[in-house]
Structure formats: structure tokens, C-alpha cells
Amino acid sequence: MLKIENLCKTFHKSEPDEKTIFKKLNLNVEKGEFVTIIGGNGAGKSTLMNVISGSMFPDSGKVFVDNKNITNLFEHKRAKFIGRVFQDPLKGTAPTLTIEENLSLAMLRKSKRNLAFGVTKQNCEFFREELSKLNLGLENRLKTKVGLLSGGQRQALTLLMATLVKPKILLLDEHTAALDPKSRDKILELTKQITDDAEIATLMITHNLEIAKNLGTRTIKLEQGEIVFDLEGKNRKNINLLNFE
């Protein structure tokens, strides 16, 4: 579903602070695979997400999604088939719009129609049904402005918005790091439920080593732009966490 070939990326070229992040990085992620990504600051985790999402272009190399070369495709074009959830619950939603309006915007990602088309009686029934799966009572608050929600509620809504129109790729950029433990566990539970049900190819950055080891199907570690660990399934259970520091 996702294929990265010979990815190269250098910042501040020909300047004193020049920094090369990737030198011919290669990565393949299959449909339904859930990859947790770890690594220290500057390892290239967020840069990788940015290149996949289209918010940053590589210096060279190629990015394929479902066998289609999207290397030079702009971010707003990729949003039709790539969902992304950030660490900050304030990102990914419009705080002054209601829950139903935010969900309508998410559902219209593949359409050129305006917001008014999205807020319909039929769609609102669909929104209630999907929100009820979160078990947060948001299905009864469609008219509530998103800015009034708690961090955990807002991140749950953002996760739902990112997957309301099933993406081919889901990028989770430390999406539980800013939450309290109870909210974090709830969001992780919802993340697994949604990605498993829809068989979405998922990449999740985390600094929580227990989460990295136990969630998903595969764990990779980036170090200075290179993959130094790439382990699948039960192979991750016996790893001494100190090896990941």
C-alpha cells in the first residue's frame, strides 16, 4: 500500500548547519499493517511523515501509494487518500465550527461540494452512528462547537474525521502524547479498533516504548535517518526496551 524508494532529504544545503536526514531510505507497508515508529529527536520520524503526507517534498527518491507515484503530488491532493492526526488536539479540527460541521468537512474531502451539502439530515444520522462507536456521548452533541470539547474528546473526533472517508494510509504523529493517561488509553483503543476494522495501513510515531512494542503489527526504529530495527509481531515481545533507547 505504501512504498518508499531511495528517499533522500537534506535541510539547509550548503550552509554551516546543513543536516542530512535520509540517504536512500526504503520502506514498504502493506494493507492493514500497523507500524509503530520510534527514535530519538532528529532521527527523521516527523520528516518521514511530512514526506508521505506531502507537506514536504524529498530531494530525490519516490513515494508510491497503492502502486501510484505520488512523489510530486501536493498535500491537499493527497488528503483524499491519506489521513493524519497530530500530537496537538487543537490541530485537525475547526474549533469555531460544530461537531457536525467538522465531520461534514471531513466527509467532503473527496468532493468539490460545499459545507452546506455535507450538513444534511441523512449525514447527521450517519455522524451519530459513527460517534456512538466512540462511547463518549458525542453523538448527542452534534451542535456543540469543537472548541468546547476536552483534549481527549477532540482527539477522538480528529481520529474519526481522519478515517470517516476510509484513507489508504493513516499517519499518527504522537497523537496521544499530549493526553492524560486515561484519555491516552481510550484513544489507543479507538485507534486499534478503527484501523483493524478498516484494514488501514497505519504509521504511528510514539516515544512510549511499551506502546511501540505492544501496539500494532510491526515496530521500526529510525536512527540518523536509517532503519536500524524492523521487527514484526511476536518478535517485538521479547525485546529488551533498553535496546530502543
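The values are calculated or read from the model by the stated rules, or taken from the named source; none is laboratory data. This structure is a prediction, so every number in the text was calculated from the model and none was measured. Every residue, glycine as well, gets a Cβ built from its backbone with ideal geometry; the counts of neighbours run over all protein chains shown.
Couple of notes before you dig in:
- Those strands (runs of 3 or more DSSP E) lying entirely in the stretch 33-111 with at least 1 residues loosely packed, with under 15 Cβ neighbours inside 10 Å: 60-65
- Conditions (1) touching a helix residue (DSSP H, G or I) at 6+ places or on another chain (Cβ under 9 Å); (2) more than 23 Å from Met204 (Cβ to Cβ); (3) modelled with pLDDT of 90 or more; number of the one not met by Ile70: (2)
- When the stretch 145-170 is filtered for residues that are touching a strand residue (DSSP E or B) at 6+ places or on another chain (Cβ under 6 Å) and either over 13 Å from Asn102 (Cβ atoms) or not charged (D, E, K, R) (or both), the ones remaining, listed by number, are Thr158, Leu159, Ala162, Thr163, Pro167, Lys168, Ile169, Leu170.
- Restricted to the stretch 96-129, and to residues there that are out of contact with any Cys (no Cβ under 9 Å at 6 or more places or on another chain), at pLDDT 85 or above and of a type in the set (D, E, K, R), the residue that is farthest from Gln155 (Cα to Cα) is Glu125.
- Of the numbered criteria (1) buried (at least 22 other Cβ atoms within 10 Å of the Cβ); (2) within 25 Å of Gly54 (Cα to Cα), the one Lys166 fails is (1).
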